[in-house]
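Inspection log for the structure reproduced underneath, given as structure tokens.
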Amino acid sequence: STFMNMDKYKAWELIDKSGCRGIKHGDAQISTKHCNFIINTNKSNSAEIEELGEIVRNKVLKETGKRLNWEIKIIGEK
């Protein structure tokens, strides 16, 4: 999983509700099968994956008022 579930909310439900299922950024994509996964569709780099995650976090916050927290650990700098 990419983002943590909250006490009363599942991350994938918030992502789906915010219209993020299947969106792409470069070669990184939110899975159409389970939208709490980011997949590399070709040659995505770590920056594209992190940027897509931030796009999703911002959309979820705007649409639901809930802030998603990363479940994966991001190591290093851009």
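The values are calculated or read from the model by the stated rules, or taken from the named source; none is laboratory data. Everything numeric here is computed off the predicted structure, so don't read it as measured data. All Cβ positions, glycine included, derive from the backbone under ideal geometry; neighbour counts span all protein chains shown. Protein only, heavy atoms only, side chains kept; ligands, DNA and RNA dropped before computing areas. Shrake-Rupley method; radii C 1.70, N 1.55, O 1.52, S 1.80 Å.
Listed here are the residues, each with its yes/no results for (1) surrounded by 14 or more Cβ atoms within 10 Å (Cβ to Cβ); (2) in a helix (DSSP H, G or I); (3) among the acidic types (D, E).
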| site | (1), (2), (3) |
| --- | --- |
| N42 | no, no, no |
| A47 | no, yes, no |
| L52 | yes, yes, no |
| V60 | yes, yes, no |
| L68 | yes, no, no |
| I75 | no, no, no |
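Determine whether segment 17-34 contains at least one residue that is open to solvent by 90 Å² or more (accessible area, probe 1.4 Å) and either touching a Ser or Thr at 6+ places or on another chain (Cβ under 9 Å) or part of a strand (DSSP E or B) (or both).
yes
List every residue pair whose Cβ atoms sit under 9 Å apart, with the two residues 6 or more apart in sequence or on different chains, where the first one lies in segment 38-64 and is under 16 Å from D16 (Cα atoms) and the second, anywhere, is open to solvent by 60 Å² or more (accessible area, probe 1.4 Å) and hydrophobic (A, V, I, L, M, F, W, C).
Partner pairs satisfying both residue conditions: I38/I72; G53/I72; G53/I74.
Identify the residue in segment 1-16 that is open to solvent by 30 Å² or more (accessible area, probe 1.4 Å) and touching a strand residue (DSSP E or B) at 6+ places or on another chain (Cβ under 9 Å) and, among all such residues, is nearest to E63 (Cα to Cα).
W12
Hey, does segment 1-23 have a residue that's aromatic (F, W, Y) and touching a helix residue (DSSP H, G or I) at 6+ places or on another chain (Cβ under 6 Å)?
Within segment 1-23, one or more residues are aromatic (F, W, Y) and touching a helix residue (DSSP H, G or I) at 6+ places or on another chain (Cβ under 6 Å).
Only residues in segment 4-16 that are farther than 13 Å from I30 by Cα count as the first member; pair them with residues that are loosely packed, with under 13 Cβ neighbours inside 10 Å, Cβ under 7 angstrom, at least 6 apart or cross-chain, and list the lot.
As it stands, the answer is M4/N69; M4/E71, since those pairs meet every condition given.
Residues are listed down the side, and each one gets a yes or a no for (1) farther than 19 Å from N5 by Cα; (2) modelled with pLDDT of 95 or more; (3) under 10 Å from the mean Cα position of the chain (by Cα):
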site: H25; (1), (2), (3): yes, yes, no
site: H34; (1), (2), (3): no, yes, no
site: T41; (1), (2), (3): yes, yes, no
site: S46; (1), (2), (3): yes, no, no
site: E54; (1), (2), (3): no, yes, yes
site: N58; (1), (2), (3): no, yes, yes
site: L61; (1), (2), (3): no, yes, no
